[in-house]
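Student: Have a look at the structure that comes next, please.
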Amino acid sequence: MKKPTPRAVTTLVIFALAVWALNVDLPKPWLDAPHPLEIDSLQAASGDSDSLAATSDTLHSGETIGALLSRRGVSSSAMSKVMGAASGLDARRIPAGMPVTVRSDSTGAAPREIVFQLAPDRLLHVRRTGDSTWTSNEERLPWVTDTLVVSGRIDENLYQALDDSATILPKGARAELAWTLADIFEYRVDMSRELQPGDQFRVLFERMIGSAGQTKIGRVLAARMVLSGTTTETVRFDQGDGRAAYFDATGRSMQAAFLRAPLAFRRISSVFGLRKHPILGIWRQHQGTDYVANAGTPVRTIGDGVVNFAGTKGGYGNLIEIRHRSGLVTRYGHLRAFASGIRAGRVVTIGQTIGYVGMTGLATGPHLHFELLVDGTQKDPATALKKSAGAPLAAADRPRFDAQLTILLASLGKAQA
Ligand SMILES: [Zn+2]
C-alpha cells in the first residue's frame with residue numbers, strides 16, 4: 001500500500017529573540033568549552049600549531065594506541081611519557097577509527113604534539129614542552145545552538161512522522177527528536193499504541209551544530225500533540241536551582257505516578273507501526289496488551305511498587321506481578337529473564353528495569369504481555385491511569401510560568417492550515 005504523503009508539514013527556522021532571552025540563565029553544558037581567548041593563549045604557550053608539520057591518521061581496528069604512535073615516529077622512550085601525560089585517554093574505550101593528528105617541528109622530526117579526537121567535540125592535546133616532558137589538556141569544541149520548529153502529521157508512528165517531516169535534520173537526529181518527544185509525553189500517552197493516523201505534532205527545540213558540522217538535538221522547549229482531536233501543549237519550565245521540567249498549558253506536571261507503557265518508545269519504535277498488528281498469540285483467552293519488541297528489550301515497571309510474584313506461571317511463561325498503591329497491580333509476561341535482584345518482596349521504583357522481553361509461555365514470537373488490574377479487575381491502562389495526572393505547579397511559580405508559557409507557545413506557533 002502506498003504511504004500517504006504527510007500533509008501540513010512545515011519546517012521553520014525561528015529567530016525568536018524572546019526564546020533566547022528566556023534561555024540566558026539556563027545551564028548550557030555544551031558551552032563549557034574554553035573561552036576563545038584561553039584557546040589562543042594555550043596555543044601561544046606551546047607554539048603556533050599551524051606552523052608544525054602535521055600528519056593525520058586513524059586508529060585501525062584491533063590496533064593499540066602504542067602501535068599507531070610508533071607508526072607515526074614516537075620513540076619507545078617517549079611513548080610511556082606520552083601515555084602517562086594522556087590521562088584523559090581510556091585505552092579500553094577508544095574506538096577504532098579515532099582520528100589522531102601528530103605534529104612535528106618539521107617533516108621527519110620527533111613529534112611535538114599529538115591530538116586525539118576523543119569525540120566529535122572533544123580533543124585531547126598531548127604536547128612536548130621540553131626535551132622529554134609531556135603535558136596534556138582537553139579541549140571542548142563549542143557547539144552553536146539555534147531554535148527550530150518542526151511539525152507534521154502522524155500516519156504510521158511518531159518515529160516515522162519525524163523522519164518524514166524533520167528533513168532539515170540528519171536521520172539520527174530525527175530519531176532522537178522523536179524519542180525525546182515520546183519521553184516528555186510518556187506519562188500521558190503510550191506513543192506505541194494510542195496514536196491514530198491523522199494525529200499531529202509540532203515541536204520547538206534546540207538544534208546544536210558542532211564544529212565539524214555534526215548535529216544533535218538540544219532541549220525541547222515546547223510541543224503540541226493533537227491526538228484523536230484532543231490537544232495537549234507542553235512547555236519546559238525552569239523551576240530554579242537549575243531544575244527544569246515539563247508542564248502542560250494548565251500548569252500540571254507532565255510527570256505522574258505511572259508511566260503509560262512498560263517499554264520505552266525509544267526501544268521499540270523501529271519495530272512498531274500503527275498499521276502493523278502482528279498476530280502473536282495462540283493464547284486466546286487472555287486479556288491485556290501485547291507489545292511487539294525484540295527479544296531482550298528492557299521491560300520497566302510503570303510505577304513504584306513491591307514485587308508480588310516473579311516466577312513461571314502457565315501461559316504467561318516468566319511472569320512478574322507488581323503491587324502498586326491504590327489497589328493497582330501490573331503484570332509483565334513472556335519474559336526471557338528477570339533483571340538481577342527481582343524477586344517477591346522486592347521494592348521497585350518507577351521506570352526501573354525489571355526484566356527482558358522474551359517468548360516464554362504461550363507465545364509465538366517475542367513480545368511483552370502487559371496487564372493492569374484495579375482491585376483485581378482488568379482495566380484499560382488508557383482510562384485507568386488518567387487519574388494519576390501530574391501535580392500542579394506551585395502557586396508561587398505561577399506568574400513566571402504563565403509568562404514563559406505565553407512566549408514559548410507563541411514561538412511554537414500555530415499549525416498551518
Ligand atoms: Zn498477551
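Student: Which order do peptides 400-407, 375-382 fall in by mean Cβ count within 10 Å, highest first?
Tutor: 400-407, 375-382
Student: Turning to a different aspect of this structure: How large, in Å, is the range 265-388 by the Kirkwood hydrodynamic radius built from its alpha-carbon pairs?
Tutor: Final number for the Kirkwood radius of the range 265-388 is 14.6 Å.
Student: OK, next. Calculate, in nm to one decimal, what Ser106 and Asp183 gain on full extension: separation in residues at 0.36 nm each, minus their alpha carbon distance.
Tutor: Taking Ser106 through Asp183 to full extension adds about 22.4 nm, to one decimal.
Student: I've got another one for you. Within the range 265-388, what whole-number % of the accessible surface is contributed by carbon and sulfur, with the 1.4 Å probe and all protein chains included in the calculation?
Tutor: Using a 1.4 Å probe with all protein chains present, the range 265-388 comes out at 50 percent carbon and sulfur.
Student: Would you mind working out the accessible area per residue for the range 265-388, using a 1.4 Å probe, and quoting it in Å²?
Tutor: 48 Å²
Student: Follow-up question, since we're still on this one. I'd like the carbon and sulfur percentage of the solvent accessible area for the range 45-188, probe radius 1.4 Å, heavy atoms only, ligands and nucleic acids excluded.
Tutor: After summing per-atom areas, the C and S share lands at 49 percent.
Student: Continuing with the same structure: What is the spin-label model distance, in nm, from Asp57 to Ser132 if the labels are put 7 Å beyond Cα along the C-beta direction?
Tutor: 2.2 nm
Student: Describe numerically, in nm with one decimal, the distance between label points set 7 Å from Cα along Cα→Cβ at Thr349 and at Arg122.
Tutor: 2.5 nm
Student: Taking R0 as 22 Å, what's the FRET efficiency between Lys379 and Asn308 from their Cβ-Cβ distance, rounded to 0.05?
Tutor: Calculated value: 0.80.
Student: Check Gly218: other-chain or 5+ apart residues with amide H under 5 Å from its amide H, H built from backbone geometry?
Tutor: Those lying under 5 Å, H to H, from Gly218 are Glu206, Arg207, Met208.
Student: Between Ala403 and Ile209, what FRET efficiency follows from the Cβ-Cβ distance if R0 is 30 Å, with the result rounded to 0.05?
Tutor: Working from the Cβ atoms, E equals 0.55.
Student: Expressed as a whole number of Å, what is the distance separating the alpha-carbon centroids of the range 81-112 and the range 233-271?
Tutor: 43 Å
Student: Still on this model: For the range 249-265, just list the computed ³J(HN,Hα) in residue order, Karplus coefficients 6.51, -1.76 and 1.60, θ = phi - 60°, integers in Hz, with x standing in for Gly and Pro.
Tutor: 5, 8, x, 8, 4, 7, 8, 8, 6, 10, 6, 7, 8, x, 10, 5, 4
Student: Next question, about the same structure. Too long at a 29 Å Cα-Cα cut-off: which of Lys171/Lys414; Lys216/Lys379; Lys216/Lys414; Lys313/Lys379?
Tutor: From Lys171/Lys414; Lys216/Lys379; Lys216/Lys414; Lys313/Lys379, over 29 Å: Lys216/Lys379.
Student: Note down the net charge around Ile350, summing +1 for each Lys or Arg and -1 for each Asp or Glu among other residues with Cβ under 11 Å from its Cβ.
Tutor: Once positives and negatives cancel, what remains is -1.
Student: Let me ask something additional. Give me the aspartates and glutamates in straight-line cross-link reach of Lys386: C-alpha distance below 13 Å, same-chain residues under 8 apart excluded.
Tutor: Within the straight-line limit of under 13 Å, Lys386 reaches these aspartates and glutamates: Glu186, Asp190.
The values are calculated or read from the model by the stated rules, or taken from the named source; none is laboratory data. Because the structure is predicted, anything quoted here is derived from the model rather than measured. As a convention, Cβ positions derive from the backbone with ideal geometry for all residues, glycine included, and neighbour counts pool all protein chains shown. What goes into the accessible areas is simple: the full protein's heavy atoms, side chains included, and nothing from ligands, DNA or RNA. Shrake-Rupley method; radii C 1.70, N 1.55, O 1.52, S 1.80 Å.
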